[in-house]
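S.K.: Quick one: the structure is below, and I'll ask about it shortly.
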Amino acid sequence: MYQFEYHKASSVDDALKKLGGAEDGKILAGGMTLLPTMKQRLAAPSDLIDLAGIADLKGIKVDGKTVTIGAMTTHWEVHSSKEVQKAIPALSDLAGLIGDPMVRHRGTIGGSLANSDPSADYPAAVMGLGATIKTNKREIAADDYFKGLFETALEDGELIVAVSFPIPKRAAYQKFPQPASRYAMVGVMVAETPSGIRVGVTGAGPCAFRVPEMEKALTAKFSADSVAGITIPSDGLNADLHGSADYRAHLVTVMAKRAAATIA
Amino acid sequence: MGKVSMTVNGKAVSADVEPRTLLVEYLREHLRLTGTHVGCDTTQCGACTVHVNGQAMKSCTMLAVQAEGADVTTIEGLAKDGKLHPMQASFKEHHGLQCGFCTPGMVMAGIDIRRRHPKADEKTVRHELEGNICRCTGYHNIVKAIMNAEV
Ligand SMILES: Cc1cc2nc3c(=O)[nH]c(=O)nc-3n(C[C@H](O)[C@H](O)[C@H](O)COP(=O)(O)OP(=O)(O)OC[C@H]3O[C@@H](n4cnc5c(N)ncnc54)[C@H](O)[C@@H]3O)c2cc1C
Ligand code: FES
Ligand code: FES
């Protein structure tokens, strides 16, 4: 690992000030993506600004309509939260499928969403449940957040503070793990949200996306059969030695069918 | 260089370290606690698993400075008064090791699994061991040892 300066931020403002003052500073959350990248010398930030000491960024708040999760809340905390299990069991399930117990003990929802790995799990939840990303500057709707491969709507010097999920009437997540890494080869969140039915997909494309045709079919009739015949085009989907674009397109239908079946 | 202080196996320790010093390097090279192993560069193998404030974590993917003020337990901290920890005893009893390289991480992960799932069945243990790789592929006895430990 290359040398860098380490700073502990005491507040969001303090973190932004330290980030602004650094030559090539990076935010450090759980470090489960950033530190391996630095260990392999694929990244060499001049400064790391650690958010771990900011109490405001941690914790889960549930009211009648929404579940709001602080950016520094770990995957384990989301998975094991009784409140999340009650309000959005599919979200708790999803968090429990991320990586392994040690990764879940450190990795955070904010870090995962800032990173927007094409096969990360949370993006499917944000997209499928119609969540809102809250930053130090603004609120970004899920539909406007994911922009491309490792690319989001976040600007330089913009910090994720929390993510807010409207409580759905029903929702389910189904993941087909990539056999080696266990990241999502394809993961699909199907949800009946207060603003209608949504289908959020991760793993298949450069970033999370919705499948409007499936949403329409499920709105007409909520059953696994409604999506069984709908295939998405494989143009532009991810392809690697674990699965071709066609295979991934096919998996989207299979995972959507399974997700719909569990809550139909 | 910056000063870092924490509790390791019940003892207060502190040292001057570079920010890039990993927790595992601090444990192995500064404190000479070489039971914690490094088996990969990608946070996948779990050989480096220790407990930080009671939770299993991969010490190869944590900076020593991130553990400032924390309570860390390594494999060396488990045996008490010359008596093996029940998880260690169970690994011995069920032949949960071959070359022994992955064993410290497996034992630390095993304790954490039973802490969260006191009655873990085989399926749960296998799923929970996803982050620990045994190159001797001796999973069968490792799973048996974790399930049957009298913790
Ligand atoms: C072995 C292993 C297996 C994994 N398996 C999975 C899996 O199956 N599914 C899955 O989804 N993920 C998986 N992950 C990734 C894991 O979920 C990470 O925790 C996550 O991607 C990054 O979160 P972090 O909190 O560790 O962020 P970091 O690594 O600390 O940061 C990641 C990036 O986000 C930026 N950042 C962090 N927080 C913020 C913020 N609040 N605002 C703005 N920018 C921020 C950082 O600067 C950095 O660029 C795995 C990781 C490992 C090591
Ligand atoms: S050495 Fe830490 S996970 Fe492999
Ligand atoms: S016993 Fe040899 S690596 Fe597991």
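The values are calculated or read from the model by the stated rules, or taken from the named source; none is laboratory data. Note that the coordinates shown come from a computational prediction; the quantities given were computed from them, not determined experimentally. Please note: Cβ atoms are built from the backbone with ideal geometry, for glycine as well, and neighbour counts cover all protein chains shown. What goes into the accessible areas is simple: the full protein's heavy atoms, side chains included, and nothing from ligands, DNA or RNA. Shrake-Rupley method; radii C 1.70, N 1.55, O 1.52, S 1.80 Å.
S.K.: Which condition number does A:Gly31 fail, the rest of (1) on the phi < 0 side of the Ramachandran plot; (2) within 13 Å of ligand 1 (Cβ to nearest atom) being met?
M.R.: Every condition holds for A:Gly31 apart from (1).
S.K.: Can B:Ser90 be described as of a type in the set (Gly, Ala, Ser) and either more than 14 Å from ligand 2 (Cβ to nearest atom) or away from chain A (no Cβ under 14 Å) (or both)? So that I can check it myself, show each step before the final result.
M.R.: On the way: of a type in the set (Gly, Ala, Ser): yes; either more than 14 Å from ligand 2 (Cβ to nearest atom) or away from chain A (no Cβ under 14 Å) (or both): yes.
So B:Ser90 passes the test.
S.K.: Still on this structure, I have one more. Which fully enclosed strands (runs of 3 or more DSSP E) of region A:169-264 have 1 or more residues being touching a residue at least 24 places away in the same chain (Cβ under 8 Å), surrounded by 16 or more Cβ atoms within 10 Å (Cβ to Cβ) and among the basic types (Lys, Arg)? Please lay out each step first, then the result.
M.R.: Values: elements: A:170-177, A:184-193, A:196-202.
Those strands (runs of 3 or more DSSP E) span A:170-177, A:196-202.
S.K.: Hey, which of the helices (runs of 4 or more DSSP H) in region A:1-99, taking only ones fully inside, have at least 3 residues that are away from every other protein chain (no Cβ under 12 Å)?
M.R.: Qualifying helices (runs of 4 or more DSSP H): A:12-21, A:82-87, A:89-96.
S.K.: Can you find, within region B:31-56, the residue that is nearest to the other protein chains (Cβ to nearest Cβ) among those that are within 16 Å of ligand 1 (Cβ to nearest atom), part of a loop (DSSP other than H, G, I, E, B) and among the small types (Gly, Ala, Ser)?
M.R.: So, considering only residues that are within 16 Å of ligand 1 (Cβ to nearest atom), part of a loop (DSSP other than H, G, I, E, B) and among the small types (Gly, Ala, Ser), the one nearest to the other protein chains (Cβ to nearest Cβ) is B:Gly46.
S.K.: Exactly one of (1) within 24 Å of A:Thr74 (Cβ to Cβ); (2) open to solvent by 10 Å² or more (accessible area, probe 1.4 Å); (3) away from ligand 2 (no atom under 15 Å from the Cβ) is unmet by B:Ala70. Its number?
M.R.: Every condition holds for B:Ala70 apart from (2).
S.K.: Filter region B:131-151 down to the residues that are surrounded by fewer than 17 Cβ atoms within 10 Å (Cβ to Cβ) and touching a Pro at 6+ places or on another chain (Cβ under 7 Å), then identify the one that is farthest from B:Gly110 (Cα to Cα).
M.R.: B:Glu150
S.K.: Would you point out which residue out of A:Ala55, A:Ala95, A:Ala87 is crowded, with 23+ Cβ neighbours inside 10 Å, within 30 Å of A:Pro168 (Cα to Cα) and more than 16 Å from ligand 3 (Cβ to nearest atom)? Steps first, answer last, please.
M.R.: Numbers: A:Ala55 fails: crowded, with 23+ Cβ neighbours inside 10 Å; A:Ala87 fails: crowded, with 23+ Cβ neighbours inside 10 Å.
Just one listed residue meets the conditions, A:Ala95.
S.K.: If you don't mind, another one. Looking at (1) in a loop (DSSP other than H, G, I, E, B); (2) more than 11 Å from chain A (Cβ to nearest Cβ); (3) on the phi < 0 side of the Ramachandran plot; (4) not polar (S, T, N, Q), can you tell me which one B:Arg28 breaks?
M.R.: It fails just one condition, (1).
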